[in-house]
Amino acid sequence: MDTSTWVVVLLVAALLAAVLTVAVVFLVRLVRTRRALRRAGLPTGSPWVFWGAVAYVVLPTDLLPDPVYLDDIGVLLLALRSLRTSADPQR
């Protein structure tokens, strides 16, 4: 392969690594948020939302192929929003 092909391959690999990193960060944030809410004695909403989001990220069956983690990020953000809504005292 020539130099331009290697550059494209490296850029795509770097982009995929960045998206994977974002997905992992949101997964860790979801787990920490649920743990903090439970320690504070606040409601965490339906447990199936949390475990469903974790299973969707971990299991290989996705709406989009696994190198594209955008659907995983969306599911994690929806789960975080659900946790926040269930713990909101003004609701």
request  = Once you have the Cα-Cα distance between Ala36 and Val9, take 0.36 nm times their residue separation minus that, and quote the gain in nm to one decimal.
outcome  = 5.7 nm
ask   = With each run of n ≥ 4 DSSP H residues scored as -39500 (n - 2.57), what mean residue ellipticity at 222 nm is computed for the chain after dividing by its residue count and rounding to the nearest 500 deg cm²/dmol?
value = -25500 deg cm²/dmol
Charge tally in the Cβ shell below 13 Å around Gly74, where Lys, Arg are +1 and Asp, Glu are -1, Gly74 excluded = -2
message = Sort 53-62, 70-79, 23-32, 6-15 by the packing proxy (mean of other Cβ within 10 Å over each peptide's residues), most packed first.
response = 70-79, 23-32, 53-62, 6-15
At 1.567 mPa s and 4 °C, Stokes diffusion of the chain via Kirkwood alpha-carbon radius, µm² per second = 88 µm²/s
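Rule-based calculations on the coordinates, nothing more; no lab input. On a predicted model such as this, the values are computed, not experimentally measured, just so you know. Glycine gets a Cβ as well: all are built from the backbone with ideal geometry, and neighbour counts include every protein chain shown.
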